[in-house]
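The values are calculated or read from the model by the stated rules, or taken from the named source; none is laboratory data. Not measured: the values here are computed from a predicted model. As a convention, Cβ positions derive from the backbone with ideal geometry for all residues, glycine included, and neighbour counts pool all protein chains shown.
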Amino acid sequence: MLASSFVSSVAALLLANGALGYISPHQLRWIERTSTDRTSSLPLSNLVKTTTASNSIPSGATALEINFSDYTSGNISSWLEDRGLKIYTQLIGGSPLTHTFTPSNVAIADGTLQLTVSAGATEDVKSAQVGTVDENLLYLKITTRAKAGKSEGVCSGLFTYHNDTQEADIEILTSYINTPSANGDVGAGLEFTNQKTGSEGLASNYHVAYPDWDPRDDFHDYTLEWTASATRFYVDGELWKEITTNVPSVPSSFIWNNWSSGNVGWTAGPPTEDNVLEIENITGWYTTA
């Protein structure tokens, strides 16, 4: 059966039986991922090239350098907009819980941008998202120095986005740092994905094991490079994965978020304690269409 038929059949069955009131894009992508051939969490040395990220900025590109320690006081939204970022307000459908990106969950404190997923949700999970004001980014290399929140049950995302068929992701799943999900649907490690670029086929999704550290313990540099022929994913300057299939080709935004839907097939959770994704700085470059 074609992947699209499988996804449609599962979605229709769930809806027909009242299992889901609404399938969000994140939930639909979870269904696809469960039927995708994905790499196992092999040692890092088995999965990557010994290549390091270059810091050179191409001619004509826009440089990006935001240090959140520069913030002292004042309106956070205005401070971010002056640096090319905006705060989102958006309700996302999902199952078993919806989640809402809310400005009150975005803060700058202790020299970091803080994106919080609130604990204790029973119906809707208060979450946080910021993104570039420019929505016509076409090729880029952006590095985010970040530390994931301690509590389990959250997805921390750094990604390009136009729509659900034009998207490239780095995602930290705090419930599956070193241990896969009990049903095997979600592997342990850092997730790298190019979402499928059409109605047929599957996403190009891989998870790579953390070598000898936990992303919740300290800050690390996560770099997403997007070119016409590939996406490349670096951690602390070292290439962890290159993907040449389902490469986005449409002008997009770059987004940073922290969220949970409570679904064991992706985020798990929701968290029982507030989860705070901390970002020290964002650097790099992008070109526009």
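Within the stretch 90-103, the only residue that satisfies the criterion of being over 15 Å from residue 118 (Cα atoms) and hydroxyl-bearing (Ser, Thr, Tyr) is 95. State yes or no: is residue 111 over 16 Å from residue 131 (Cβ atoms) and at pLDDT below 95? The answer is no for residue 111. Taking the criterion of being polar (S, T, N, Q) and surrounded by 20 or more Cβ atoms within 10 Å (Cβ to Cβ), the residues of the stretch 116-151 that qualify are 116, 118, 127, 129, 132, 143, 144, 151.
Count, please, the residues in the stretch 123-137 that happen to be without any contact (Cβ under 8 Å) to a residue 40 or more places away in the chain and closer than 16 Å to residue 257 by Cβ.
Number of matching residues: 2.
Every condition in (1) buried (at least 22 other Cβ atoms within 10 Å of the Cβ); (2) in contact with a helix residue (DSSP H, G or I) (Cβ under 6 Å, 6 or more places away or on another chain) is met by residue 154 except one, and the failing one is (2).
Residue 179 meets all of the listed conditions (1) touching a Leu at 6+ places or on another chain (Cβ under 8 Å); (2) β-branched (Val, Ile, Thr); (3) surrounded by fewer than 22 Cβ atoms within 10 Å (Cβ to Cβ) but one, namely (1). Of all the residues in the stretch 181-193, those that are farther than 21 Å from residue 146 by Cβ and either assigned to a strand (DSSP E or B) or among the polar types (S, T, N, Q) (or both) number 2. Residue under question is residue 83, and the condition is that it be basic (Lys, Arg), surrounded by 15 or more Cβ atoms within 10 Å (Cβ to Cβ) and at pLDDT below 95; does it hold? Against the criterion (basic (Lys, Arg), surrounded by 15 or more Cβ atoms within 10 Å (Cβ to Cβ) and at pLDDT below 95), residue 83 does not qualify.
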